[in-house]
Amino acid sequence: MGNSTVQGATCEYENLVVSKTFNTNPLDILKAGLTSGGYSALVTDAKVSYQFDESKLDELEDKFSGYSFTVKSENGGTANVLRASVGGGTQQAVATIDNANGTIKIVENQNTKNLINIYESGQLAKALTLPVVIKPTTCEPADGLVKLNNNQFDVRVIKPIFIVGASIKDMELNNASTLTQPLALSFEDFNEYDPLEFYENSMSKVTFWSFYGVSKIEVDEANIKTDYRGNGFQNLDPSVFTVSYTAPTGAISLNNMGSVTLNQVNMSRANDFQVQIPVTVTYKWGQLSTTVTLNVKAAPGQNRAPRH
């Protein structure tokens, strides 16, 4: 994920070399099997090929409903590329794997970002997995003599950061036309470090926001809902009141995430109600979404009255 102790570092997926994850290199296992089987003369021509496992694509499509996956050879047959499309759209590369040593590279594009961010904190089983198979190749008459055990496995792609909380301080109705409170979002990364812990563990060299490229906070104002009328959550009626979001000025930080304003137009001030506000955060590897609930309190001293 990049070195967060280096000033100016940003979040990048480290290339995984599959061949280096084994206690014994699979090629060495193949060569040892040939030697013990009496075919030491064939050792120099023995090969293993690291590939994305086409036999597991149906499982991927079951896991990620609406997506279609394919595996194709590229670079003159020296690498495989796993591609994905959603809803019949254009296929984009998700990852490549070098057939010789199993080096996996994550490809940055919209489909990949959507797949990475498909799960929330505590849902690791739903993470994107890249199915890998190691195929041994030997010359006749030893072809098929050596079987590699556990040669099919998944490489899990970890989501970098999560929103783990969202809040806005309660508002209390009064005679003023507008009420404003700051938006507060809580984050943690894949190591379960919050922004303060991250900064401390970087030796105070890199902020959470710069490393993960947190660049934008937005509110979908058209889909803000309220239970003001007492019959479930519905879209706002702008003739009664409106809710708007003001983006932060300057860099995003713990104390600078923007603010929410409620503008009273023609409303009773005698009832508590809630407003549900959809929030989207853009960062280096995609977008995070959450809904924050704003509690609005009745004006002091008001008797309860039917909502109008």
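General remarks:
- The condition of being surrounded by fewer than 17 Cβ atoms within 10 Å (Cβ to Cβ) and at pLDDT below 95 holds for only one of N223, N231, that being N231.
- Candidates V243, V275, V281, V292, filtered to the one that is open to solvent by less than 60 Å² (accessible area, probe 1.4 Å), modelled with pLDDT of 95 or more, under 18 Å from I161 (Cβ atoms) and in contact with a Leu (Cβ under 6 Å, 6 or more places away or on another chain): V281
- Positions within the stretch 159-189 being modelled with pLDDT of 95 or more and not in a strand (DSSP E or B), in sequence order: K159, P160, K169, D170
Quick grid of which residues meet (1) small (G, A, S); (2) modelled with pLDDT under 95; (3) more than 27 Å from the chain's Cα centre (by Cα); (4) under 30 Å from N109 (Cβ atoms):
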{"position": "P248", "(1), (2), (3), (4)": "no, no, no, yes"}
{"position": "N263", "(1), (2), (3), (4)": "no, no, yes, no"}
{"position": "N271", "(1), (2), (3), (4)": "no, yes, yes, no"}
{"position": "V296", "(1), (2), (3), (4)": "no, no, yes, no"}
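- Positions within the stretch 272-291 being farther than 19 Å from T226 by Cβ, among the hydrophobic types (A, V, I, L, M, F, W, C) and assigned to a strand (DSSP E or B), in sequence order: V281, L288
- Members of the stretch 62-84 that are without any contact (Cβ under 8 Å) to a residue 12 or more places away in the chain and under 19 Å from Q110 (Cβ atoms): S65
- E140 being in contact (Cβ under 8 Å) with a residue 24 or more places away in the chain, open to solvent by 20 Å² or more (accessible area, probe 1.4 Å) and either more than 29 Å from A184 (Cβ to Cβ) or part of a loop (DSSP other than H, G, I, E, B) (or both): no
- Unmet criterion (only one of (1) at pLDDT below 95; (2) in contact with a helix residue (DSSP H, G or I) (Cβ under 8 Å, 6 or more places away or on another chain); (3) within 16 Å of V18 (Cβ to Cβ)) for N150: (2)
- Top-ranked residue of the stretch 117-137 - restricted to ones that are more than 23 Å from E54 (Cβ to Cβ) and part of a loop (DSSP other than H, G, I, E, B), ranked as nearest to the chain's Cα centre (by Cα): N117
- Each residue in the stretch 199-217 was checked for being open to solvent by 20 Å² or more (accessible area, probe 1.4 Å) and either touching a residue at least 12 places away in the same chain (Cβ under 8 Å) or not charged (D, E, K, R) (or both), and 11 of them qualify.
- Residue within the stretch 236-258 that is of a type outside the set (V, I, T), in contact with a helix residue (DSSP H, G or I) (Cβ under 8 Å, 6 or more places away or on another chain), touching a residue at least 60 places away in the same chain (Cβ under 8 Å) and in a strand (DSSP E or B) present: yes
- When the stretch 12-36 is filtered for residues that are surrounded by 19 or more Cβ atoms within 10 Å (Cβ to Cβ) and either in a loop (DSSP other than H, G, I, E, B) or on the phi > 0 side of the Ramachandran plot (or both), only Y13 remains.
- Residue satisfying condition, being within 30 Å of S259 (Cα to Cα) and either touching a Pro at 6+ places or on another chain (Cβ under 8 Å) or not hydroxyl-bearing (S, T, Y) (or both), within set L128, L185: L185
- Each residue in the stretch 89-116 was checked for being touching a residue at least 24 places away in the same chain (Cβ under 8 Å), open to solvent by less than 30 Å² (accessible area, probe 1.4 Å) and outside any strand (DSSP E or B), and 6 of them qualify.
The values are calculated or read from the model by the stated rules, or taken from the named source; none is laboratory data. What you see is a predicted model; the values in this text were computed from it and never measured. Note that we place each Cβ from the backbone using ideal geometry, even for glycine, and neighbour counts take in every protein chain shown. Quick note on the areas: whole protein, heavy atoms, side chains included, nothing else; ligands and nucleic acids left out. Shrake-Rupley method; radii C 1.70, N 1.55, O 1.52, S 1.80 Å.
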